[in-house]
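Structure record follows, encoded as structure tokens.
Every read-out reported here was derived from the displayed coordinates using simple, explicitly stated rules and does not represent laboratory data. Here the structure is a predicted model, which means the values were calculated and not measured. FYI the Cβ positions are ideal-geometry reconstructions off the backbone, even for glycines, and counts take in every protein chain you see.
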Amino acid sequence: MALTSRRLVYSKHLCKVNIRSISLQGYKAKETSIKNSTTAGTSETWSRRVVTGLQPTGALHVGNYFSAVQRCVKLQQQGDDLMIFIADLHAHTTQQNATQIQKNIWELTAYLLASGIDPERSILFAQSSVPRHAELCWLLACLATHARLAHLPQFKEKSATMKEVPIGLLLYPVLQAADVLVYRGTHVPVGADQLQHLQVAAQLVRTFHHRYGRLFPTPSPILPDDGSDRLRSLRDPTKKMSKSDTDPKSRILLSDSDDAIRLKLRKAVTDFNPQVTFEPDSRPGVSNLVTLHCLAADKLPEEVVLEAEGLTTARYKQVVADALVAAVRPIRERANELLARPGLLRDVLRHGAARARRRADVVYGDVAERLGLANAALETSYDLKVSNQAIPLGSKPKRAVKQGA
């Protein structure tokens, strides 16, 4: 069987992000309104735009990295119009410590940059910095039904353990829809477990179009084909690797030291068969190690199983550990360098939010006009004066000067 290569050529920003300024030149072309397109209503009128978010509810693990962050880097490298937001509003569906969540936001920003996200090529910002997310969420919530939202499996699973279920948990998929539609996002990188939430967004688009006319594209999923969304817990391979798992040995964090990575893999649960095979259904523990090896070394399962011939699972765990250490160490080291520069991280998010607000204001202005809202004039105190000159990081943005002021 012929083996094909899926190697990724990383940009120089992967481990050496040296950001001195963010130029706004050329962004106007990317941020044009749909009004500049032909008549809305057909899929051909919507320019491809990828929108995705990550919650700052804990340290990133390798499952988050391979299934979400690395995919974003690939999309960025192929030239996609990519928007990545830190979903701090979503995080508050459960009680959060204000100090800790702020710390998580800085860490998530640092690890995104260290992984190769370039704020000059993509838009990186915090969700709460763009009020239009919440405003559009309310309007979409007026189109949603309790029966539809309460029927979603994730809501049933999470609410089953709660005495009092917060409304925010019920509206979670509505805010997800607003996150994408407020930028007229056409594509969303998701795992299979998020497909139903994207279907909610599609249903809301249909309802909006029926009542008010066509204004949004129907977002399409970008599904992984490398098994990265199916990484399992190292301690219980019947479960998905998760931030919320109470056992810290169940996951490998991007912040873990080399020794910690090796220890967690050494303790990973497999089975009594010492042979290395890739059989996800019958041997989930060993197959999980094979998947981790494939993702870290950019290889196919057939390749790594062939290379592991003659090795016991105990010896193979060392091989997997070497591959993961080589993949994670440069990201961890660069992220630590960036965390020592909080001013830079703050500026990256601030300038990203300014760009995101301009896009969101255009879309929300169209929505407000359709619904007859008072906000249709699109005046906002958040607008930055668009300039073709570079804005040095660390400088304060200039407020837009209103005509006649």
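Note on residue 199 and residue 169: the model spin-label points, each 7 Å out from Cα along the C-beta direction, lie 2.2 nm apart.
Stretching residue 78 away from residue 142 to a fully extended chain increases their span by 19.3 nm, per 0.36 nm per residue minus the current alpha-carbon distance.
Straightening the chain between residue 161 and residue 271 buys 36.5 nm, computed as 0.36 nm per residue apart minus the Cα-Cα spacing. Using all pairs of distinct alpha-carbon atoms, the Kirkwood hydrodynamic radius of the stretch 141-225 works out to 13.5 angstrom. Which shape class applies to the stretch 46-105: rounded if a/c is under 1.5, otherwise prolate when a/b exceeds b/c and oblate if not, where a ≥ b ≥ c are the square roots of the Cα gyration tensor eigenvalues? Taking the square roots of the gyration eigenvalues as a ≥ b ≥ c, the stretch 46-105 is prolate. Could you please report the charge total around residue 221, scoring K, R as +1 and D, E as -1 over all other residues with beta-carbon less than 13 angstrom from its beta-carbon? Once all neighbours under 13 Å are counted, the net charge is -2. Label separation (residue 298 vs residue 279): 3.2 nm, computed from points 7 Å beyond Cα along the C-beta direction.
For the stretch 120-163, the spread of Cα coordinates along the three principal axes comes to 42, 24, 20 Å, biggest extent given first.
The calculated FRET efficiency for the pair residue 218 and residue 311, based on their C-beta separation and a Förster distance of 35 Å, comes to about 0.15.
Summing +1 for each Lys or Arg and -1 for each Asp or Glu among the other residues whose beta-carbon sits under 15 angstrom from that of residue 202 gives +3. With contacts taken as Cα pairs under 8 Å and at least 6 residues apart, the stretch 107-266 reaches a relative contact order of 16 percent. The relative contact order of the stretch 160-237 comes to 34 percent, based on Cα pairs under 8 Å that sit 6 or more residues apart. Taking 0.36 nm per residue of sequence separation and removing the Cα-Cα distance, the residue 45/residue 121 pair yields an extension gain of 25.1 nm. Near the amide H of residue 53, within less than 5 Å, lie the amide hydrogens of 85, all on another chain or at least 5 residues away, with H placed in the peptide plane.
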